[in-house]
Structure formats: C-alpha cells, structure tokens
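Here the structure comes first, spelled out in structure tokens, and everything after it is commentary.
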Amino acid sequence: SVKNLYGRYQDIQDVFPACITDDMLLHFCDWVAEKVFFIEIVATTEQDAHKIFVTMNDRGLSLTSTEMLKG
C-alpha cells in the first residue's frame, strides 16, 4: 500500500546520513522499485510461517561466514 511504501521511505530516510538529499533518496527508492521484486507471502499459522521461512532459506547458494555475520 502507499502508506506502507511511505513508511519504508521514512525508515530509509532515518537511516541515511543527512548529506543525502531528498532527490537522491527518491532516486534510490525508484531504483529499488524498478530493480527489486517484492512479494507478499501470507501464512495462516505460525507453523506454516516457520515452514515457509525454512523452505525459502534452504534454497540457492549458501551464505559465506562474512554474510552470516552481517545478518
């Protein structure tokens, strides 16, 4: 929703340094919107949510030690 997008925009703005201008941040948000696929996955129970989480994180390449530390 637009309200959620605005809220995330505010989150990003709070994290970025003050030297980042509104135009630069808007450009970054546009880039993310064009380059990143967002999906919504709804689970009706906590058990289903955990199963989805484990399944999705068990696919693809393994994380390096450095990547695990970043998380």
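Which of the residues spanning the range 7-40 are β-branched (Val, Ile, Thr) and either farther than 23 Å from Met56 by Cα or in contact (Cβ under 8 Å) with a residue 12 or more places away in the chain (or both)?
Here is the first cut: in the range 7-40, the residues β-branched (Val, Ile, Thr) are 12, 15, 20-21, 32, 36, 39.
Ile12, Val15, Ile20, Thr21, listed by residue number.
Within the range 10-41, restricting attention to residues that are under 26 Å from Phe53 (Cβ atoms) and aromatic (Phe, Trp, Tyr), which residue is farthest from the chain's Cα centre (by Cα)?
Phe37
Since every read-out is calculated from the coordinates, none of them should be taken as a lab result. Fair warning: this is a prediction, and the values are worked out from it, not measured in the lab. Note: ideal-geometry Cβ built from the backbone for every residue, glycine included; neighbour counts use all protein chains shown.
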